[in-house]
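Below is one structure, written out as structure tokens; comments come after it.
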Amino acid sequence: MSLKSKINSNYLPKHVAIIMDGNGRWAKKQGFKRVLGHRKGVEAVRQALEAATELGIKTLTLFAFSTENWNRPKYEIDTLMNLLVSSLKKELPTFQKNNVKLQTIGNINMLPKKAQKELSESIESTKNNTKITLNLALNYGAREEIVSAVRSISKKIVNNEFKIEEIDENTINSHLYTFNLPDVDFLIRTSGEKRISNFLLWQIAYAELYFTDVFWPDFNKEEFYEAILNYQSRERRFGKTSEQIENNNK
Ligand code: IPE
Ligand code: IPE
Ligand code: MG
């Protein structure tokens, strides 16, 4: 029985987020330059997206570039930005064919103009697609996201659009980059590191976490299926008891 056929399509995570890590180490391990790992990583993105789409997962968020990644050597940053542009160009027909809607989270205004242009064109031309949302985290940092949410909420309070007492969890939710997406159900990190690295702090409040030693360029469809099967083996209790879950929350 294939891994894929063991997956229960009635118990899929609605929102899967992935910290795609280990490109550099994957390349180094075989004597290549780090950037070759990023090139190879693009193929892994294709596989994860295809696997998620085929399974019927509705949202896939991929951590592609963090606010901290600007501290890397210029050559590596340039390579990543160029790869983003060329991959978007190349994948657009596939997005259309597979009904993939593209969106981004993060401060996109700081990306190179070429990347901004390619992104806005791809977002515009896929905006009516409905099968899956591919959400790319670019120049994304959860703390930056929270700062910008606090700023826009404060502005509205100053402008008397609502009162301080009216602030609740929904207010915060709706001012984050992810305002239109459900909470993350399942967070995957590749490469053996067990940390969050400033990714989606608010949105993973109750996510199931999955860490694998596999480097991102080796994370293929089978690895994705294995991760989803692992998710399906867990009991999500949200503070309740096992007995309550078994008796349908009573
Ligand atoms: C993840 O791989 C890709 C990005 C952060 C852009 P890394 O480049 O972090 O690879 P390692 O962790 O150094 O091996
Ligand atoms: C997190 O990976 C960012 C992305 C995957 C884009 P990093 O490799 O930058 O994280 P640290 O530095 O190991 O925490
Ligand atoms: Mg890394």
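The values are calculated or read from the model by the stated rules, or taken from the named source; none is laboratory data. Just so you know, these numbers come straight off a predicted model, no measurement behind them. Here the Cβ positions follow ideal geometry from the backbone for every residue, glycine too, while neighbour counts run over all protein chains shown. Surface accessibility is based on the protein's heavy atoms, side chains included, excluding ligands, DNA and RNA. Shrake-Rupley method; radii C 1.70, N 1.55, O 1.52, S 1.80 Å.
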Exercise for the section: Kindly provide the set of residues from region 172-196 that are away from ligand 2 (no atom under 16 Å from the Cβ) and open to solvent by 20 Å² or more (accessible area, probe 1.4 Å), ordered by number. Expected result: Ile172, Asn173, Ser174, His175, Phe179, Asn180, Leu181, Pro182, Asp183, Asp185
Practice task
Scan region 197-213 for residues that are open to solvent by 40 Å² or more (accessible area, probe 1.4 Å), within 14 Å of ligand 3 (Cβ to nearest atom) and either in a loop (DSSP other than H, G, I, E, B) or of a type in the set (Lys, Arg) (or both) and jot them down.
Solution key: Ser197, Asp213
Exercise for the section: Of all residues in region 197-206, count the ones that are among the small types (Gly, Ala, Ser) and within 16 Å of ligand 2 (Cβ to nearest atom). Expected result: 1
Exercise for the section: Identify the residue in region 89-110 that is under 16 Å from the mean Cα position of the chain (by Cα) and not β-branched (Val, Ile, Thr) and, among all such residues, is most open to solvent (accessible area, probe 1.4 Å). Expected result: Lys101
Practice task
Can you tell me which residue among Thr190, Thr212 is touching a Gly at 6+ places or on another chain (Cβ under 7 Å) and polar (S, T, N, Q)?
Solution key: Thr190
Practice task
Answer yes or no: is there a residue in region 64-87 that is of a type in the set (Gly, Ala, Ser) and free of Cβ contacts under 8 Å to residues at least 12 places away in the same chain.
Solution key: yes
Fill in the blank from the handout: When every residue in region 28-45 that is farther than 15 Å from Lys90 by Cα and surrounded by fewer than 17 Cβ atoms within 10 Å (Cβ to Cβ) is compared, the one farthest from ligand 3 (Cβ to nearest atom) is Gly31
Handout entry: Matching residues, region 14-25, being open to solvent by 20 Å² or more (accessible area, probe 1.4 Å) and within 16 Å of ligand 3 (Cβ to nearest atom)
Key = Met20, Asp21, Asn23, Arg25
Handout entry: Meets criteria (among the polar types (S, T, N, Q) and away from ligand 3 (no atom under 16 Å from the Cβ)) for Thr190
Key = no
Exercise for the section: Find all pairs meeting these conditions: Cβ atoms under 6 angstrom apart; at least six residues apart or on different chains; first residue within region 10-33 and touching a residue at least 40 places away in the same chain (Cβ under 8 Å); second residue among the acidic types (Asp, Glu) and near ligand 1 (Cβ under 8 Å from one of its atoms). Expected result: Asp21/Glu193
Exercise for the section: Would you check if there is a residue in region 162-178 being more than 27 Å from Leu49 (Cα to Cα), in contact (Cβ under 8 Å) with a residue 24 or more places away in the chain and among the β-branched types (Val, Ile, Thr)? Expected result: yes
Exercise for the section: Residue by residue through region 113-167, note down the ones that are hydroxyl-bearing (Ser, Thr, Tyr) and either open to solvent by 90 Å² or more (accessible area, probe 1.4 Å) or outside any helix (DSSP H, G or I) (or both). Expected result: Thr126, Thr130, Thr133, Tyr140
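Looking at the structure I just gave you, is Glu193 among the charged types (D, E, K, R) and part of a loop (DSSP other than H, G, I, E, B)?
Taking the combined requirement at face value, the residue satisfies it.
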Exercise for the section: Report whether or not Ile228 is at pLDDT 95 or above, open to solvent by less than 20 Å² (accessible area, probe 1.4 Å) and part of a strand (DSSP E or B). Expected result: no
